[in-house]
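In what follows, a structure is listed as structure tokens, so that the remarks can point back to it.
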Amino acid sequence: MHDFPGWHGTTILAVRRGGEVVVAGDGQVSLGQTVIKGTARKVRRLSPGGYDVVAGFAGSTADAFTLLERLEAKLEATPGQLARASVELAKDWRTDKFLQKLEAMLIVSDGRDLFVITGAGDVLEPEHDVAAIGSGGNFALAAARGLMETALSAEDVARRAMAIAADICVYTNGNLTVERISA
């Protein structure tokens, strides 16, 4: 065992409301107790074959990019079928010896479907139209669930919930990347 402190810090939140999904991610990357970067972009738009998907990732950046590339390949093989592509990615992630070592999680949406994909083979469709991952994920999730009781738009819920998470979680900052996608 080594004493390397490890990478920490990400909050990714997805909110589905009013026919659209908003995925927001903070920009902080920390190594131990040190902020390494405050402007990382952890939410991206993928467009394999003209089919738009928004993805946010938590965990190792290189691992997440590997998973995003694999997801794009699955989407190209199953155009317009995010659920099927997500399940195929999760199966590969769970059974492939190389992929099993990847340390990341994904939130993906095509505007209709919204999934959390994990290395344990899970493809989870969140309840209450809100999903969150990362160090500050539980803070953002709780805040967003409370804000879903208001008339705020999906983007306003996401932005306010992320601000609350940034105030509580030392591994989360207020420098957001926000992507919207409609069904």
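Indicate the gyration tensor shape class of the chain (rounded, prolate or oblate), computed on the Cα atoms with a ≥ b ≥ c the square roots of the eigenvalues: a/c under 1.5 is rounded; otherwise a/b larger than b/c is prolate and the rest oblate. Judged from the Cα gyration tensor, the chain comes out oblate (a/c at least 1.5, b/c at or above a/b).
Tell me the net charge near ASN173. Cut-off is 12 Å between Cβ atoms, ASN173 excluded, with +1 for each Lys or Arg and -1 for each Asp or Glu. Each step should come with its number before you reach the end.
Working: positive: LYS37, LYS42; negative: ASP26, ASP167.
Result for the neighbourhood of ASN173: 0.
Within the straight-line cut-off of under 14 Å between alpha carbons, the aspartates and glutamates reachable from LYS37 are ASP26, sequence neighbours fewer than 8 places apart in one chain being disregarded.
Cross-link reach is defined here as a Cα-Cα straight distance under 21 Å, omitting same-chain residues fewer than 8 places apart; for LYS97 the lysines meeting it are LYS74.
Determine, for each peptide in 64-76, 93-105, the mean count of other beta carbons within 10 angstrom over its residues, then list the peptides with the highest first. Can you show the working numbers first?
Details: 64-76: 18.6, 93-105: 14.6.
Most protected by this proxy first, the peptides run 64-76, 93-105.
Does region 2-95 classify as rounded, prolate or oblate by the C-alpha gyration tensor (a ≥ b ≥ c root eigenvalues; a/c under 1.5 gives rounded; else a/b over b/c gives prolate, otherwise oblate)?
Working: a/c = 2.55, a/b = 1.53, b/c = 1.67.
Note, shape of region 2-95 comes out oblate.
Using just its DSSP H runs of length 4 or more, each adding -39500 (n - 2.57), the chain gives a mean residue ellipticity at 222 nm of -10000 deg cm²/dmol after division by all residues.
Taking a span of 18 Å or more along the helix axis (Cα atoms) and a mean Kyte-Doolittle hydropathy of at least 0.0 as the rule, the DSSP H helices of the chain that qualify are 61-77, 154-168.
Need the full-extension length gain, GLU127 to GLU76, defined as separation in residues times 0.36 nm minus the C-alpha distance. One decimal, nm. Each step should come with its number before you reach the end.
On the way: separation 51, 0.36 × 51 = 18.36 nm, distance 2.77 nm.
In short, 15.6 nm is gained.
A straight Cα-to-Cα reach below 18 Å connects LYS101 with the lysines LYS91, residues fewer than 8 places away in its own chain not being considered.
Read-outs: derived from the displayed coordinates by stated rules, not from any lab. Everything numeric in this text was worked out from a predicted model, so none of it was measured. Don't worry about glycine lacking a Cβ; one is built from the backbone with ideal geometry, like all the others, and counts go over all protein chains shown.
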